[in-house]
1. Magnitude of the Cβ-charge dipole of region 209-257, K/R +1 and D/E -1, about the Cα centre, nearest 20 debye?
2. Rounded to the nearest 5, what % of the DSSP beta bridges within the chain are antiparallel ones?
3. Between residue 149 and residue 32, what FRET efficiency comes out of the Förster formula 1/(1 + (r/R0)^6) with R0 = 30 Å and r the beta carbon distance, rounded to 0.05?
4. Using just the helices of the chain, give the 222 nm mean residue ellipticity in deg cm²/dmol: DSSP H runs with n ≥ 4 each add -39,500 (n - 2.57), and the total is spread over all residues, rounded to 500.
5. Measure up 49/75; 199/234; 121/181 against 21 Å on the Cα-Cα distance and list the ones that go over.
6. Count neighbours as other Cβ atoms within 10 Å of each site's Cβ, and list the trypsin sites (Lys or Arg not before Pro) in region 221-265 that are DSSP loop with at most 15 such neighbours.
7. Using each residue's phi in region 33-41, evaluate 6.51 cos²θ - 1.76 cosθ + 1.60 at θ = phi - 60° and report the 3J(HN,Hα) Karplus result to the nearest Hz, with x for Gly and Pro.
8. Can you list the GluC sites (Glu not before Pro) in region 193-239 that are in a DSSP coil and have 16 or fewer other beta carbons within 10 angstrom?
Amino acid sequence: MKRFLLAMTACAAQMAAAAIPVLIVDGQNNHKWQETTPVLKRLLEETGKFTVDVSTSPAKGGDFSAYNPDFSKYKVVVSNYSDFAGDPWPEALRKKLTDYVAAGGGFVSFHAADNAFPMDKEYNRMIAVGGWGGRTEKDGPMIRFRDGKMVLESKPGKAGSHGKRLPYVVVTRDAKHPIMKGLPAEWLHHEDELYDSLKGPAENVGLVATAWSDPANRGTGENEPALMTVRYGKGRVFHTILGHDVEAMRCVGFIVTLQRGTEWAATGKVTQKAPKDFPGKEKVSLR
């Protein structure tokens, strides 16, 4: 029995040592980050593949002089931060983040993180496209999926919009990508915001999934980017528009693509298998 316990302890220690270190950054957002960050942390940790720390910034109007998370300790940074209704990070800290990714670090832009730092050209390059905060066609084109391929469209107007929170179908556009491999070609996502008209540099971007923006719900009538990958320097970025609140985050489609996307951003590979409860086109699957 003693040998068994020692073996189990050693196995647990090996698994912990092999886990991917993740840092979630939050502290300000026009969404309820106090509710969504604990869910992000739990969803990543429950895979057994990640150890997760959280770095929370000062509140709006606070002193950022001592806020300096050490990104170098982590394989991937997950952003749940948006200054849409708050404070941008100091320039030196934003540069520290983009330098970290350019040198090979991973980054996950979660939902409203693509609203952040509209004035920062490198951050915009890192996330490919973003919305709100005064972004317009001057910041770059929109990503479209037409006639079986990704195209870029430059069109005057503000970047970023969405209709009411409703369920919508997510369509895989790159079935060979590790994040999407083995997942259904189409699946019904739980009620959520469907961002549209995001604009930005759109450099080195891969379109892995889209969702049709219904004009009946103030949409564009276009297949909008829902899941994207970006190569930024030596680093990998996973950009998901999904996950407005804890209810939307119950969707198994959201959960699995977040977990897989985070692993890919950190390592370039995905070792997680598709679960049996992954949704199909006709019915939402919740946890």
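1. Working: 5 positive and 5 negative charges, 77 e Å.
Charge dipole of region 209-257: 380 debye, to the nearest 20.
2. Numbers: 30 of 50 bridges.
Roughly 60 percent of the DSSP beta bridges within the chain come out antiparallel.
3. Numbers: r = 37 Å, r/R0 = 1.23.
Once rounded, the FRET efficiency stands at 0.25.
4. Numbers: 5 runs with 65 residues, N = 287.
For the chain, the value works out to -7000 deg cm²/dmol.
5. Details: 49/75 12 Å; 199/234 23 Å; 121/181 32 Å.
199/234; 121/181, as the Cα separations exceed 21 Å there.
6. Details: sites: 231, 234, 236, 250, 260; in loops: 234.
Passing both the DSSP loop test and the Cβ count: 234.
7. My calculation for region 33-41 gives 4, 4, 8, 7, 4, x, 5, 4, 4 Hz in order.
8. Numbers: sites: 193, 203, 222; in loops: 193, 203, 222.
Passing sites in region 193-239 are 203.
Read-outs throughout are calculated quantities, based only on the coordinates presented, and are distinct from any laboratory measurement. Computed from a predicted model, the values in this text were never measured in an experiment. Using ideal geometry, Cβ is built from the backbone for each residue, glycine included, and neighbour counts are taken over all protein chains shown.
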